[in-house]
Protein chains: 2
Amino acid sequence: MADRIVTAEELAQQLRAVSVAEFFEKNRHLLGYENPTKALITIVKEFVDNALDACEEARILPDVKVLVKEISPDRFRVRTEDNGPGIVEEKLALAFGKLLYGSKFHRLKMSRGTQGLGASGSVLYSQLTTGKPVRLVSSTGKDIHEIEVTIDVNKNEPRIVSHKQERNPNKWHGLKIEVETEGRYIEGRQSVLEYLRQTAMCNPYAKIVFEGPNGRVEFERAVKELPPLPKEIKPHPYGVEIGLLRRMLSTTSSKNLLGFLTSEFSRVGRGTALQICKLAKLEPNKKPYDVSHEETERLHKSMQMVKLIGPPTDCLSPLGEKLLEEGLRKETRAEFVVAVTRPPSVYRGNPFQIECALAFGGELTAEGSAQLFRFANKMPLLYHTSDCVTTESVVETDWRRYAFSQSSGQLPQGQLAILIHFASVWVPYTSEGKQAIANYPEIMKEMKLALQEAGRQLAIYVRQKHKMHERQLRKELFEKYIPELAESLEKLTDDKKEKLIAELEKIVKKSGVKSEEDGKTTGNDKESEKTGK
Amino acid sequence: MADRIVTAEELAQQLRAVSVAEFFEKNRHLLGYENPTKALITIVKEFVDNALDACEEARILPDVKVLVKEISPDRFRVRTEDNGPGIVEEKLALAFGKLLYGSKFHRLKMSRGTQGLGASGSVLYSQLTTGKPVRLVSSTGKDIHEIEVTIDVNKNEPRIVSHKQERNPNKWHGLKIEVETEGRYIEGRQSVLEYLRQTAMCNPYAKIVFEGPNGRVEFERAVKELPPLPKEIKPHPYGVEIGLLRRMLSTTSSKNLLGFLTSEFSRVGRGTALQICKLAKLEPNKKPYDVSHEETERLHKSMQMVKLIGPPTDCLSPLGEKLLEEGLRKETRAEFVVAVTRPPSVYRGNPFQIECALAFGGELTAEGSAQLFRFANKMPLLYHTSDCVTTESVVETDWRRYAFSQSSGQLPQGQLAILIHFASVWVPYTSEGKQAIANYPEIMKEMKLALQEAGRQLAIYVRQKHKMHERQLRKELFEKYIPELAESLEKLTDDKKEKLIAELEKIVKKSGVKSEEDGKTTGNDKESEKTGK
């Protein structure tokens, strides 16, 4: 059998562009759809994340309803509804029917979504597995629009299947999304319910109602105030790569280098800009477009050499120690919780901030490893635990210093829960499934510092508790001997035995060995405050 | 500080399309560029994979040269050159300057490249980190074209920076690619050199010359024949999802369902097509475009219900047991090698085929775990070993049955090397970095069957060797006593002692306890053949 030889001309005829929708349809595991269980979680996650982002940007306390209904084995209806600002009719189909279409890719600002792939990816997957369009109902407060949309996969464009428009006398605003999809529903550590539970923990200003195959679960709003809205920032010179700098030079509207440097970057004032130009041996009034390739290289080097303060950090929206503490206490019913919010830091020019909280005792189980809750930009991470810098930072922290046992390379043991929150304008996920954070040295360092700080505070409590326990034992022993001692003393001093007992008991109290009823130590939980420290 | 409230209209204005080049520039870790070391390996890999694919399609024995030259710390020039068919001038810039542009996405046929992301991704990364264009020199045998190309990232389109055309009196054909990139060069288990070494092992018909920072290494051609060219196939009904079926129905040129089913799928003849239509309660002469959504669902279900033979497997190009054995023996210098090529099988409608080879003894180290070589479509996999179904299949095989020690959940121990090759029209990589194969049950099963088959063959040799060793010991003991025994027999039989010794030695030989010189057992390596079995 002779093989037919293929010529360069024939090979050339086979060359074609692949639409990004075709690409992700075939590579759906990249978006988190590698199996039916994860697919269902991913769909809920994408819709809920978008709802929370939209509400926060419009400064509305989020009210999110989630329905997951089994309509046949392995097939589900998923519907989410929010009270956000809604999406204007002209963009509604695009936002859900075109991949890589969104508002968050080209800006530096902390948000859950990033690249306009999440919700449209969910529509793509549900369409692939059931052939059904997505149903969208939205209003910005004017008329209500209801459309059904499919994705034209070959073109990566939305196709509107139906469109209804209705009056909106109650001025409802928000968005409802409904898809039918292949999926599998489970409960447990990696599940829709666990995702929502942890989302509620890290977004205590949101109310989330879940109507699942096994009944209804409500996550009530714990606080009535939204965190401040993060601001958008310009890129920091330290984080800009040469290829991007070249592109910025060719597209800027600035007339000269001085203007380019001061207006397109954060933390570059006139003085610094002049210094950069001088280091690069370039005229400050040179036109950006005229900067040659060699000059760009010099400019890039100079930008790394000048001394600059870190990027502004109001682009970040950390939860804060109070919310973290409340979230974790509510969830774990622990007896002691401590939280630490680190000052912002920078990796590759991207501002980021680490928060952590530790919970101890109470209803936490004493068996096995500590529980770990991982969050990135207020979103729970449920998969790929071992590949994530959060886990690595916990493992590399020496918990024996903080009175917990730990085998090398393992999580600590005991009645302990650990929450870590990574907040940044850009989360370096290890894959598009958004389940693990990459191990940058700066991130690792900040996480370990946060854990150590919280660990030290927790250790004081834990040690105090151990000590109190010992004292209590000693006290009980001593009290047992008070009557005997009093009897001996009575003979020596002629004092009344009863008086002596009272005196001895007073001494025991003063010595700090407290009685059972007021014997609680320095807890920060309300119960211990009430009973006195 | 009052937050400015963002309206739905303002949010809508921020919505924009993201080009696929922008997306992968920001998410370069998805393509294998998460650090400078891996970036350098990935670039070499993408160019070499493309070169091998092109040569094989044009039925040319591949001759590939690779240059990696350090030009400043962390900056490298990477150049590859092949003797393939070349790329026609009109497509040259597109093939390297546009992401998701290629010949292999829309067909079902085994090849290394798949989606037109590899080489253009390398150009994107080198441009981002050094700002330099890619230099391409190509000829299809006519004039030689030399162009320099950058990627317009905002548009995902190539931009030709320079173009030279030259006469080609020697009718050279092939392609040279040269980029300048950030990178780090190391040697060891995950390195450019190791990638090329393993590529040579699995592609013994290719000659590869590597000019690296530490000198020149040549991998000679071991065989002078190309494996047969795999054929392109149609999708198999069992592997088609409902969304894709819907799309096929709306774009087919077939006039009716009968024609659609027989011409667009493999293994569907007229009889089967009629059976599918009957099951789905659809008229065979119904126009494909008129099939409603409900009818599509019925059609899809019926397609899964009819009995079909597996897809054709001439779309696969396995290496075969002979090449596998030779490749692994050459690489490991083991004393015994066995290879198994399984018959083709199917996962999700995709034909695939598993091959494995085991090497034992010789220069393999006896310390620690067995060495594992993983391949997908003849490409070595160097990263993410533990996440890969290849590793999982080895770990789940009970090697104690084959005379190797093994702790549970671990690789076997001893003088053993294991090679696994996964060949398919579509490799289910766990991520776009193409370093690990997803764990589909069908794939796992086939891998374990291959390992068991090879394991049984190897065990015969290993046990024989152990037994021979024992017999040798016994024989030596017996021989020691022959003179003494002969003396006793001499007294009893009056035979001459010398004759008796000769008789006894004859018996020892007949009994299968061979002398040291010809004592080797059934090895298949040349040395043992020389010394006689």
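Here are the numbers:
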read-out: Phi to ³J(HN,Hα) by Karplus 6.51 cos²θ - 1.76 cosθ + 1.60 over segment B:461-476, Hz, x for Gly, Pro; value: 5, 5, 5, 4, 5, 4, 5, 4, 4, 5, 4, 4, 4, 5, 4, 4
read-out: Inter-chain shielding of A:93-101 (mean C-beta neighbours from other protein chains, 10 Å cut-off); value: 3
read-out: R0 of 25 Å, Cβ-Cβ distance A:R16-B:S250: FRET efficiency to nearest 0.05; value: 0.85
read-out: Alpha-carbon Rg with Dmax, taken over chain A, Å; value: 30.1, 122
read-out: Average partner coverage of B:126-135, which counts Cβ from other chains inside 10 Å; value: 4
read-out: Residues with amide H under 5 Å from that of A:K231, placed H, sequence gap 5 or more; value: A:C315, A:L316
read-out: Over segment A:237-305 - Rg/Rh using Cα atoms and the Kirkwood inverse-distance radius; value: 0.89
read-out: Cα-centre dipole for segment B:119-215 with unit charges at Cβ (Lys and Arg positive, Asp and Glu negative), debye to 20; value: 260
read-out: Eligible aspartates and glutamates near B:K509 by straight Cα distance, threshold 19 Å, same-chain separation 8 or greater; value: B:E470, B:E476, B:E479, B:E484, B:E498, B:E517, B:D518
read-out: In range of the label at B:E70: residues from segment B:27-44 whose backbone nitrogen is under 20 Å from the point 7 Å along Cα→Cβ; value: B:35-44
read-out: Cα centroid separation - segment B:171-197 against segment A:48-122, whole Å; value: 43
read-out: Check: chain A dipole with +1 on Lys, Arg Cβ and -1 on Asp, Glu Cβ, in debye; value: 1320
read-out: Cross-link partners of A:K506 among lysines (Cα-Cα below 29 Å; sequence separation of 8 or more within a chain); value: A:K465, A:K467, A:K475, A:K480, A:K491, A:K496, A:K497, A:K514, A:K520, A:K526, A:K530, A:K533
read-out: Label 7 Å beyond Cα on the Cβ vector: A:R463 copy-to-copy distances, nm; value: 6.3
read-out: All-pairs alpha carbon distance profile, segment B:95-227, 10 Å steps from 0, percent; value: 11, 28, 40, 21, 1
read-out: B:L473-A:D494 pseudo-label distance in nm [points 7 Å out on the Cα-to-Cβ vector]; value: 9.6
read-out: For segment A:485-493, Karplus couplings with θ = phi - 60° (6.51, -1.76, 1.60), whole Hz, Gly/Pro x; value: 4, 4, 4, 4, 5, 3, 5, 6, 10
read-out: Length released on extending from B:E363 to B:E90, taking residue separation times 0.36 nm less the Cα-Cα span; value: 93.2 nm
read-out: Candidate lysines for bridging to B:K91, where Cα separation is under 19 Å - those fewer than 8 sequence places away on the same chain excluded; value: B:K104, B:K142, B:K155, B:K164, B:K176
read-out: Links that overshoot a 21 Å alpha carbon limit, given the list B:K38/B:K448; B:K38/B:K224; B:K255/B:K307; A:K26/A:K98; A:K224/A:K434; value: B:K38/B:K448; B:K38/B:K224; B:K255/B:K307; A:K224/A:K434
read-out: Additional length obtainable on full extension of the chain from A:N168 to A:K231, 0.36 nm per residue less Cα span; value: 19.4 nm
read-out: Helix-only mean residue ellipticity at 222 nm for the protein assembly as shown, each DSSP H run of n ≥ 4 adding -39500 (n - 2.57), per residue, nearest 500; value: -12000 deg cm²/dmol
read-out: Filtered trypsin sites (Lys or Arg not before Pro), segment A:163-220: DSSP coil and at most 13 other beta carbons within 10 Å; value: A:R167, A:K171, A:R189
read-out: Test item: Cα-centred dipole of the protein assembly as shown, Lys/Arg +1 and Asp/Glu -1 on Cβ, debye; value: 1080
read-out: Chymotrypsin sites (Phe, Trp or Tyr not before Pro) restricted to DSSP loop in segment A:163-270 with at most 11 other C-beta within 10 Å; value: none
read-out: Charge context of A:D398, other residues only, Cβ under 13 angstrom, K/R +1, D/E -1; value: +3
read-out: Cα extents of segment A:321-456 along the three principal axes, largest first (Å); value: 40, 32, 27
read-out: Nonlocal amide H pairs with A:G362, under 5 Å, H built at 1.01 Å; value: A:E335
read-out: Difference of contour (0.36 nm per residue) and Cα-Cα distance, B:V6 to B:S405; value: 137.1 nm
read-out: C-alpha center-to-center spacing [segment B:430-464, segment A:453-488] in angstrom; value: 61
read-out: Within 10 Å of each Cβ in A:223-235, the average number of Cβ atoms from other chains; value: 1
read-out: Pseudo-label separations to other copies for A:G310 - Cα-to-Cβ vector, 7 Å, nm; value: 5.8
read-out: Cβ-vector label at 7 Å, B:H106, separations to other copies in nm; value: 3.0
read-out: Coordinate range along principal axes, alpha carbons of segment A:300-383, Å, largest first; value: 56, 26, 19
read-out: For q = 0.04, 0.06, 0.08, 0.10 Å⁻¹, Debye-computed log10 I/I(0) when each Cα of the protein assembly as shown counts as one equal scatterer; value: -0.28, -0.59, -0.96, -1.38
read-out: Sequence-distant residues sharing a close amide H with A:L372 (under 5 Å, placed H); value: A:I418
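Values quoted throughout were computed directly from the atomic coordinates according to the rules given, and no laboratory measurement underlies them. Because the structure is predicted, anything quoted here is derived from the model rather than measured. Every residue, glycine among them, receives a Cβ derived from its backbone with ideal geometry; neighbour counts consider all protein chains shown.
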